[in-house]
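Undergrad: Sharing a structure below in structure tokens format, with a few things to ask.
FYI, it's all coordinate maths here, none of it is from the lab. Fair warning: this is a prediction, and the values are worked out from it, not measured in the lab. Cβ: placed from backbone, ideal geometry, glycine included. Neighbour counts: every protein chain shown.
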Amino acid sequence: MINVAILGLGNVGRAFIDYARRQEVKIDVRGVADSTGGLLARDPRVIERAVAYKESGRSIKEFAPNEVIGSARFISEIPRAGVSALIESLPTNLADGQPALDLICSALRQGTSVVTVDKGPLVHGYETLMEAMNRGGSRLGYSGTTGVSPPDDLSGDRVLEIRGILNGTTNYILTEIQERAVSFDQALATAQAEGIAEPDPSLDIEGWDTASKILILAKALMGADSSLADVSRIGIGPETESLIEAARARAARVKLVGRARIWKGRIRVSVAPKIITADSPFYSVSGTSKAAVFRTEAKGEAISLARSGRDAISQIIIDDLLKALEFN
């Protein structure tokens, strides 16, 4: 049995709880928290009622006004509640990574391992998080922040370049334009109607999500010291249709690609729509699927693929949880 607490009860947090109930791995949720505060309880029925209350559109504070505690105290009391790990899925704040960055650091420093799907803390505080983890003797799993997980056999090898289709929403939109011959606006509307794109899709189509993911990979695997402001970023929009027409004339396709490479002695990180020819491993990556190529000094190129969707991200959380707690 793995006892966890969940910080962030939005779509991802609630989807994880539902997914975990259907898995062979026994996961017991002992605590839940949203922006109004947290609730720790050893009785799973209390947590189930709190989650159902949250799903009805109300808050954890409204569910148990006399028992809910603030986020900082919620973190500090996790060990006494018998919790093995914290799952953090607060809304991403790309401005400074807060408040999640400080909360994750507090958990790691006290020895509580953390699994996060929140890009903000890794973008703005990767080094700080690693220091907190080492101080507390804990583990931090963050595969859910990068879109595609690096292959396991990269350990010990120098990574020279990373290229990836890391955002399922933009890949879906580009696939719709190129396979159904519709406009960008029509493809975006379809993605929103299908629940793939958010009502405000700017983080995806302006390239911020891809920029964050490739930056985290560059920090983790290449030692990049870049900030999000350093990432050269071009998203997609109606203007991308002319690039698609040029690609179509060459029997090629357009994909939004994040890239980290060594250039003039520095690690350069960028995002831009690229023309992809039929000999590229990215050529057949369609819909909301994602893929990345990792080029290393000793082993050459390794390819990693990933799916999008709530079940997919929930499984990534479980995989990271098992690694963090060293379960086989």
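Undergrad: Rounded to the nearest 0.05, what FRET efficiency do Ala64 and Ser242 give with R0 = 51 Å and r taken as the Cβ-Cβ distance? Could you check?
TA: Numbers: r = 56 Å, r/R0 = 1.09.
Rounded to the nearest 0.05, the efficiency is 0.35.
Undergrad: May I pose another question? Enter the per residue convex hull volume of the stretch 2-141, computed from alpha-carbon coordinates, in Å³ rounded to the nearest integer.
TA: 97
Undergrad: Of Tyr142, Tyr53, Tyr126, which has the largest mean-square fluctuation in a 10 Å C-alpha GNM of the chain?
TA: Tyr53
Undergrad: Still on this structure: Count the lysine pairs in the chain whose Cα atoms sit under 19 Å apart, keeping only pairs 8 or more residues apart in sequence or on different chains.
TA: Going through the chain pair by pair, I get 11.
Undergrad: Quick query: amide H of Asp28 versus all other amide H atoms, modeled in the peptide plane; which residues come in under 5 Å with a sequence gap of 5 or more or a different chain?
TA: Result for Asp28 returns Ile2, Asn3, Val4.
Undergrad: Among Asp34, Asp157, Asp102, whose mean-square fluctuation peaks in a Gaussian network model of the chain (Cα, cutoff 10 Å)?
TA: Asp157
Undergrad: Separate question: Short version: ³J(HN,Hα) in whole Hz for each residue of the stretch 271-282, in order, from phi by Karplus 6.51 cos²θ - 1.76 cosθ + 1.60 (θ = phi - 60°), x for Gly and Pro, what are they?
TA: Whole-Hz 3J(HN,Hα) from phi for the stretch 271-282: 9, 6, x, 10, 7, 10, 8, 5, 8, 8, x, 7.
Undergrad: Continuing with the same structure: Determine the gain in length on full extension of the stretch Glu131-Ser227; use 0.36 nm per residue of separation and subtract their C-alpha separation, reporting nm with one decimal.
TA: So the extension gain works out to 32.8 nm.
Undergrad: What is the percent of Cα-Cα separations in the stretch 55-199 that go past 18 Å?
TA: Summing the P(r) of the stretch 55-199 above 18 Å gives 69 percent of all pairs.
Undergrad: For Glu161, what residues show an amide H to amide H distance below 5 Å, using hydrogens built from the backbone and excluding near sequence neighbours?
TA: HN-HN under 5 Å from Glu161: Arg295.
Undergrad: Further question on the same structure: Restricting the calculation to Cα positions, tell me the Rg (one decimal) and the Dmax (whole number) of the stretch 152-306 in Å.
TA: According to the Cα coordinates of the stretch 152-306, Rg and Dmax are 15.5, 46 Å.
Undergrad: When only DSSP loop residues count, what GluC sites (Glu not before Pro) in the stretch 3-64 have their Cβ near at most 16 other Cβ atoms within 10 Å?
TA: In loop regions of the stretch 3-64 (DSSP not H, G, I, E or B), the sparsely surrounded GluC sites (Glu not before Pro) are Glu24.
Undergrad: Between the stretch 254-319 and the stretch 56-92, how many Å separate their Cα centres?
TA: Spelled out, the Cα-based centre of one part sits 35 Å from the other.
Undergrad: Can you tell me the FRET efficiency between Arg80 and Thr190 if r is taken as the Cβ-Cβ distance and R0 is 51 Å, rounded to the nearest 0.05?
TA: Step by step, r from the Cβ atoms, then E = 0.55.
Undergrad: Compute the normalised compactness of the chain: alpha-carbon radius of gyration over 2.2 N^0.38 Å, N being the residue count.
TA: Working: Rg = 20.4 Å, N = 328, 2.2 N^0.38 = 19.9 Å.
Rounded to two decimals, the normalised Rg is 1.02.
Undergrad: Express in nm, to one decimal, how much length is gained between Leu154 and Gln98 on full extension, taking 0.36 nm for each residue of separation and deducting their alpha carbon distance.
TA: Computed gain between Leu154 and Gln98 is 17.1 nm.
Undergrad: Specify the inter-centroid distance of the stretch 129-149 and the stretch 184-199, based on alpha-carbon positions, in whole Å.
TA: One Cα centre to the other: 32 Å.
Undergrad: Along the three principal axes, how long is the stretch 184-269 when you take its alpha carbons, biggest first, rounded to the nearest angstrom?
TA: The principal-axis extents, from largest down, are 41, 33, 18 Å.
Undergrad: While we're looking at this one, here's another question. Under 1.5 on a/c is rounded, so check that first for the stretch 220-323, then, if it is not, pick prolate when a/b is larger than b/c and oblate when it is not; a ≥ b ≥ c are the square roots of the alpha carbon gyration tensor eigenvalues.
TA: Numbers: a/c = 1.61, a/b = 1.21, b/c = 1.34.
Since a/c reaches 1.5 but b/c is at least a/b, the shape of the stretch 220-323 is classed as oblate.
Undergrad: Sum up the charges of everything whose Cβ sits under 13 Å from the Cβ of Asn171, counting Lys and Arg as +1 and Asp and Glu as -1, but leave Asn171 out.
TA: Within the 13 Å Cβ shell, the charges total +2.
Undergrad: With the contact rule set at Cα under 8 Å and sequence spacing of 6 or more, what percent relative contact order holds for the chain?
TA: Relative contact order of the chain: 18 percent.
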